[in-house]
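Read the structure below first, then the notes.
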Amino acid sequence: MKKKKIQNIIIAVIAVLIIGAIAAYNFSVEQTKQKGLQFGTELEQIQEDVKELQTKFYSEKTRWEEGDITKEELLEFYEKHLKDFEEIISRYDELSPPEIFKSSADLLKLSSEVQLESDSQFIEWIKTGDESAKIRSDTQIQESLEYEMLGLVEFYSAKTGVKNYDEPEKFEAPQTGLTQKVIQISENMKNKCDKKYRNELGEFDSGQMEIEWFNCTNEAKKWKIEHLP
């Protein structure tokens, strides 16, 4: 009888431990879900602000080429642009990404940092006419786009790796094959943008062509985001 009582106590303790573990797990899942949602919203806003900043960057160059503003006014705007860009980049450090999203945040921050350096070289070209600065700027734009692509792939792979925070047992690995196809199609779209708006030297014949190229590549990135699994 005493042995049976001890067994019942052990069973009861185990049951309590199991219930406690389940409650703790569910709490952890809910916390991860909320952190993920908040992180995603904040990251999306940063990316939108970067995109808006870059659109203004190129549109002001077009205004200068068309004679709407002076070179001094353009350079004054660009000085403010660099400061605004630095402030936006600093917001990456304020993010609190769940561990599975940390690498994507790091890559997207790196993309923005390289873009900032590209803008600095572009401004140097405007100031001095130094073609080597323009070449460095163009190279860094491509590097920035590559980091951004990797960051987005990391983000959506993490996002699709955990299909449903409310049902963690339904964990599914990212759809690697489909992801690769989407990325390849997107890259082909960006290559077409290059062929359409860049000349044989890889440069732009006008500021308007540069803006059209920028919008074209953004559409390719948008398509990729919408179609990643």
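The values are calculated or read from the model by the stated rules, or taken from the named source; none is laboratory data. This is a predicted model, so every value here is computed, not measured. Here the Cβ is made from the backbone with ideal geometry for all residues, glycine too, and neighbour counts use every protein chain on show. Just the protein is used for accessible areas: all its heavy atoms, side chains included, with ligands, DNA and RNA removed. Shrake-Rupley method; radii C 1.70, N 1.55, O 1.52, S 1.80 Å.
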Amide H of Ile69 versus every other amide H placed in the peptide plane: which residues, excluding those fewer than 5 positions away on the same chain, fall under 5 Å?
Trp64
Which of Lys71/Lys127; Lys109/Lys192; Lys80/Lys102 have a Cα-Cα distance over 20 Å?
Lys109/Lys192; Lys80/Lys102
Residue-span extension gain [Cys216 to Glu44] - 0.36 nm each, minus C-alpha spacing:
59.9 nm
Find the relative contact order for the stretch 180-226 and round it to a whole percent, using C-alpha pairs within less than 8 Å whose residues are 6+ positions apart.
45 percent
The correct ranking of Cys193, Cys216 by accessible area at 1.4 Å, largest first, is Cys216, Cys193
Solvent accessible area, Å² - Tyr147, 1.4 Å probe, full protein context:
60 Å²
Label point at Asp130 placed 7 Å out along Cα→Cβ; residues across the stretch 79-99 whose backbone nitrogen lies under 20 Å
79-83
How much FRET efficiency would the formula 1/(1 + (r/R0)^6) give for Met189 and Asp68, where r is the Cβ-Cβ distance and R0 is 35 Å, rounded to 0.05?
0.65
Diffusion coefficient, µm² s⁻¹, Stokes-Einstein with Kirkwood Rh over alpha-carbon pairs of the stretch 180-226 at 20 °C and 1.002 mPa s:
198 µm²/s
For Glu87 and Glu143, calculate 0.36 nm times their separation in residues minus their Cα-Cα distance, and state this gained length in nm to one decimal.
18.0 nm
If you project the alpha carbons of the stretch 33-164 onto the principal axes, what extent comes out on each, in Å, largest first?
54, 24, 22
Can you give the accessible area of Glu76, probe radius 1.4 Å, in Å² rounded to 10?
130 Å²
Using only the heavy atoms of the protein chains and a 1.4 Å probe, how would Lys109, Lys51, Lys192 rank by accessible area, largest first?
Lys192, Lys51, Lys109
